[in-house]
Each structure stands twice: as C-alpha cells, then as structure tokens.
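The block underneath contains the structure these notes are about, expressed in structure tokens.
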Amino acid sequence: MFMPYAERLRCVSEWYVQLLAESLGKAQDRQGKTVHAGRTPIVAVGTTDMHAQTQLHQEGPHDKTVTTIDVADWGAPTLADRVPELDSAGKLAGKTFAELNTIARESNEEALFGSGRPSDALILDRIGARELGGLLYTLMATVAYEGELLDVCAYDQPGVEAYKKIMKTRL
C-alpha cells in the first residue's frame, strides 16, 4: 500500500506501483528456484482511501505494509479561513490543510502500530523539483535493494514479455 496524503502526489503512487510490480513480481530467484516473490502494490490517496481501506489494513490478513507520504509545508491558508462553515465547533480554527493531513496520517499510523501492522512515513518538506527527485530516487533505490534481499533480478520483466509474445501472434 502506497498512500500519499496529497492528491498532487497520486501520479507518484501510480508510478511506484508499476515500478514495484514489474521489478519484484518474479516467479524465480537468480538461482532458478521457484519463489513467486513480490508484494501486491495498491494506489491510495490519503484521507479519501484511508477511510475506504483502513478496515482491511487494521484487521485483514497480515500481508501488507503501508507507506505514507506527507508534505510538511503546503503554503496553504487555514481550513477555517477557506471553508468557515466546516468549523462550527471551532476545532479547526487556525489549523492548516497540512496540519489536518498530518493529524489524519499520524492517527492512521498509530492505529496500524496498535494492531501490529507495519507502516512507514516519508515526509517531504514541500512539493518541489528537488523533493520529488529525491523521493523518486529513494523509491527506485529501495526497490533495487528489495530485489537484492529477495535475490531476484529487479531489472527484467519476463512476465510482461509472455503476454507480449501472445499478443504479437494475435495481431
């Protein structure tokens, strides 16, 4: 599960899911031993998908990890300033969108931890070229490293080649 708490980072989630699946989804390790390695990557975006998928993450099979991404500085106004009618109880006064996202993310992580579920968080200072470049590099490096730990080649995709060959004969 790869869950940025920012709609603007959905495309990073989609890219990472593709990278993870094609790099680590392997039938055999480097010695030719059958391993059926890889994780099932899922695209999710923050509070929207957090609510929809939390039940599965909290109480479903112990076969998932949850990686969240948050942004420390959105440079955004407070929620009460933008949508005052949402703050009838006064609990949102002075809170920024970034603070509300962080509260949601940290609450989810605390609940996952309490259920013994693995999770980690990546926090970007802001959404900029440097931060996105660093994030993409980090994600590529972790996939390569995980390939080494699994003893699979993270740089080929024989499963993709199989359907391409079949499709080519049908065209």
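Summary of computed values
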{"quantity": "All positions within the stretch 145-171 that are free of Cβ contacts under 8 Å to residues at least 24 places away in the same chain, out of contact with any strand residue (DSSP E or B) (no Cβ under 9 Å at 6 or more places or on another chain) and within 23 Å of Lys33 (Cα to Cα)", "calculated": "Tyr145, Glu148, Leu149, Glu161, Ala162, Tyr163"}
{"quantity": "Lone qualifier among Arg105, Arg39, Arg30 - being of a type in the set (D, E, K, R) and at pLDDT below 90", "calculated": "Arg39"}
{"quantity": "Tabulated pairs, the stretch 38-62, first farther than 24 Å from Gly147 by Cα, second loosely packed, with under 15 Cβ neighbours inside 10 Å, C-beta under 6 angstrom, 6+ apart or interchain", "calculated": "Val45/Glu7; Gln58/Ser115"}
{"quantity": "Answer residue from the stretch 121-145, given it is touching a helix residue (DSSP H, G or I) at 6+ places or on another chain (Cβ under 6 Å) and part of a helix (DSSP H, G or I) and is nearest to Lys26 (Cα to Cα) among those", "calculated": "Val143"}
{"quantity": "Single condition Tyr5 does not satisfy, out of (1) surrounded by 13 or more Cβ atoms within 10 Å (Cβ to Cβ); (2) out of contact with any helix residue (DSSP H, G or I) (no Cβ under 8 Å at 6 or more places or on another chain)", "calculated": "(2)"}
{"quantity": "Listing of strands (runs of 3 or more DSSP E) fully contained in the stretch 1-59 that carry 1 or more residues being among the β-branched types (Val, Ile, Thr)", "calculated": "34-37"}
{"quantity": "Selection within the stretch 112-134 - surrounded by 13 or more Cβ atoms within 10 Å (Cβ to Cβ), closer than 21 Å to Gly60 by Cα and of a type outside the set (Gly, Ala, Ser)", "calculated": "Leu112, Arg117"}
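Listed here are the residues, each with its yes/no results for (1) aromatic (Phe, Trp, Tyr); (2) modelled with pLDDT of 95 or more; (3) over 17 Å from Arg8 (Cα atoms).
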site: Glu109; (1), (2), (3): no, no, yes
site: Arg117; (1), (2), (3): no, no, yes
site: Ile127; (1), (2), (3): no, no, no
site: Arg130; (1), (2), (3): no, yes, no
site: Thr138; (1), (2), (3): no, yes, yes
site: Ala141; (1), (2), (3): no, yes, yes
site: Tyr145; (1), (2), (3): yes, yes, yes
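The values are calculated or read from the model by the stated rules, or taken from the named source; none is laboratory data. Note that the structure is a prediction, hence the values are computed from the model and not measured. Note that we place each Cβ from the backbone using ideal geometry, even for glycine, and neighbour counts take in every protein chain shown.
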